[in-house]
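Undergrad: Okay, handing you the structure first.
The values are calculated or read from the model by the stated rules, or taken from the named source; none is laboratory data. All values reported here derive from a predicted model rather than from experimental measurement. Glycine also receives a Cβ, built like all others from the backbone with ideal geometry; neighbour counts cover every protein chain displayed.
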Amino acid sequence: MSEQQRAERPDERTERRVVIAGAGMAGVQTAVALREQGFTGPVTLIGAEPHRPYDRPPLSKAVLLGKAEESAFDIDFEGLGIALRLGCEVTGVRTGAHELDTSAGPVPYDVLVLATGAEPVALPGSDGVPGVHLLRTLDDAARLRPVLAAGHAVVVVGAGWIGAEFATAARAAGCAVTVVEAADRPLAGALPAEVTAPMAAWYEESGARLLTGARVARVEPGAVVLADGRTLPADAVVVGIGARPATGWLADSGIALGPEGSVTADAALRTSQPDVYAVGDCASFPSARYGTRLVVHHWDNALQGPRTAAAHIAEQGGAPAADGAEQGGAQAADGAAEIPPYDPVPYFWSEQFGRFVQYAGHHADADTLLWRGDPADPAWSVCWLRGGVLAAVLAVGRPRDLAQGRRLIEAGARLDTERAGDPSVPLKSAVLP
Ligand SMILES: Cc1cc2nc3c(=O)[nH]c(=O)nc-3n(C[C@H](O)[C@H](O)[C@H](O)COP(=O)(O)OP(=O)(O)OC[C@H]3O[C@@H](n4cnc5c(N)ncnc54)[C@H](O)[C@@H]3O)c2cc1C
């Protein structure tokens, strides 16, 4: 009997098999965290892309500009005993049978971790039009590099995080850049108008043209046509209008899906089905800290969440479930209470137009906004307070505000608004006793 056959017969196996669907940041971190936390059973990482697992943030930065060839994770998968199955698409899951369907055939599991990330939203009607690009994968970045190297005229659709970073790189490469945004300002989905107002100037300052309130009617080869009839010549069009959890393949699985099609996970990152966890961009989780369910499409969440999921998997021990018996599931296993609930202070950064932009926390419209500094200056911050307690901080070129703010949010600190509004006072010195 081969090793594989033995591994697939429950009576012959002594350790549970963990299979991770999706070999991006969250999938890779889950596999590594399992080993760090002492899990010794088989771990298989399945990824649709043919490349060795890689990091995405450099794609819109160094990789795009040709300053880095690629961004593969520096991890010895073989040494860690993590089996990689690359170029293999997961197409469905039968949770009753504990089996995944993949392009290479069925794959049995004892514990499944969903880590399929997110996929970019396509511009309606642009499918198959030559010269239209998305920016999510290494292949996308490789296709865009020659566009930048040739200094082509580019139209970017969407002034969000990806649009801003791509525009930054394209300007650095000497491209003529026009950014088309349907809302009346950049980052309209992420930040309030008064905070994004100064950011509009960053585009112009870099030499990019920002057209707000501009809807795309259609994309033609060589041009973008706006709803008001204007035609923008474009050697290439880059679409950055958002991303959605890549969960289409779970439609008939019985695994509950929630906001934006994200996998609904609990505070242990368990899904509605036994022995199935979800991490990273594809998952949503309840935040007791913010009193709402969060879907976080940022790198730090794909680093932290896997540690929680791996802790729960590792602490259930190694033996596979007997036929018909369930392990895990929505109920906490013995001792699970010792693992803190997943309730992070979300964090992300963006590098755009020569600025380092960082955000920690989560704000709501009703929160009180407090400026630290003048947005006309190169460095400034904004705090959001809820009932006097720091809920979120945005820092532009003020990493100390971010670092201190993040810790204060974690601690639930109340701030003296007068001192917190004075950029010469360190944020930590504005805490009320
Ligand atoms: C260009 C770019 C720049 C970014 N820059 C920043 C930044 O500066 N700061 C920041 O905080 N965040 C940034 N992010 C966000 C960050 O990279 C993501 O939050 C992070 O990659 C999420 O990791 P993930 O593993 O959940 O998802 P992903 O990285 O999307 O990985 C999921 C993997 O699963 C695979 N997959 C999907 N479906 C299937 C399937 N059915 N079968 C098999 N495999 C499948 C995908 O091919 C993919 O490789 C950036 C993202 C992009 C795209």
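Undergrad: If residue 214 meets every condition in (1) more than 16 Å from the ligand (Cβ to nearest atom); (2) of a type outside the set (S, T, N, Q); (3) on the phi < 0 side of the Ramachandran plot; (4) surrounded by fewer than 17 Cβ atoms within 10 Å (Cβ to Cβ) apart from one, which number is that one?
TA: Here residue 214 clears every test but (4).
Undergrad: Of all residues in the range 217-233, which are over 15 Å from residue 177 (Cα atoms) and either in a strand (DSSP E or B) or among the basic types (Lys, Arg) (or both)?
TA: 217, 218, 219, 220, 225, 226, 230
Undergrad: Check the range 19-28 and report whether any residue there is closer than 22 Å to residue 138 by Cα and either β-branched (Val, Ile, Thr) or modelled with pLDDT under 95 (or both).
TA: yes
Undergrad: How many of the residues making up the range 86-100 are within 15 Å of the ligand (Cβ to nearest atom) and buried (at least 16 other Cβ atoms within 10 Å of the Cβ)?
TA: The qualifying residues number 5.
Undergrad: A further question follows. Please determine, by comparing only the residues of the range 144-165 that are in a helix (DSSP H, G or I) and either surrounded by fewer than 20 Cβ atoms within 10 Å (Cβ to Cβ) or aliphatic (A, V, I, L, M) (or both), which one is nearest to the ligand (Cβ to nearest atom).
TA: Applying the filter and picking the extreme gives 162.
Undergrad: Residues of the range 262-304 being part of a loop (DSSP other than H, G, I, E, B), near the ligand (Cβ under 8 Å from one of its atoms) and farther than 18 Å from residue 93 by Cα, which ones?
TA: 296, 297, 298
Undergrad: What are the pairs, 6+ residues apart or on separate chains, where a residue within the range 153-180 that is on the phi > 0 side of the Ramachandran plot has its Cβ under 7 Å from a residue that is outside any strand (DSSP E or B)?
TA: Pairs that qualify, where the first residue is on the phi > 0 side of the Ramachandran plot and the partner is outside any strand (DSSP E or B), are 158/181; 158/240; 158/241; 174/151.
Undergrad: Give me the pairs: first residue in the range 410-428 and more than 11 Å from residue 371 (Cα to Cα), second residue among the acidic types (Asp, Glu), beta-carbon distance under 6 Å, and six or more apart or on different chains, which are they?
TA: 427/401
Undergrad: Just to verify a result, which residue in the range 101-111, among those that are part of a loop (DSSP other than H, G, I, E, B) and surrounded by fewer than 14 Cβ atoms within 10 Å (Cβ to Cβ), is nearest to the ligand (Cβ to nearest atom)?
TA: 103
Undergrad: Read through the list (1) within 26 Å of residue 51 (Cβ to Cβ); (2) more than 21 Å from the chain's Cα centre (by Cα), then give the number of the only condition that residue 166 fails.
TA: For residue 166, the exception is condition (2).
Undergrad: List every residue pair whose Cβ atoms lie under 7 Å apart, where the two residues are 6 or more positions apart in sequence or sit on different chains, the first residue falls within the range 225-254 and is closer than 15 Å to residue 90 by Cα, and the second residue, located anywhere, is assigned to a loop (DSSP other than H, G, I, E, B).
TA: From the range 225-254, the pairs are 245/262; 246/116; 246/117; 247/116; 247/262; 253/95.
Undergrad: Turning to a different aspect of this structure: I'd like to check something: does the range 67-81 contain any residue that is closer than 25 Å to residue 147 by Cβ, under 23 Å from the mean Cα position of the chain (by Cα), at pLDDT below 95 and more than 15 Å from the ligand (Cβ to nearest atom)?
TA: yes
Undergrad: Right, another one. Report whether or not residue 310 is modelled with pLDDT of 95 or more, farther than 28 Å from residue 385 by Cα, assigned to a helix (DSSP H, G or I) and in contact with a strand residue (DSSP E or B) (Cβ under 9 Å, 6 or more places away or on another chain).
TA: It is true that residue 310 is modelled with pLDDT of 95 or more, farther than 28 Å from residue 385 by Cα, assigned to a helix (DSSP H, G or I) and in contact with a strand residue (DSSP E or B) (Cβ under 9 Å, 6 or more places away or on another chain).
Undergrad: Please determine, by comparing only the residues of the range 112-135 that are among the β-branched types (Val, Ile, Thr) and not in a loop (DSSP other than H, G, I, E, B), which one is nearest to residue 146 (Cα to Cα).
TA: Filtering first and then ranking leaves 132.
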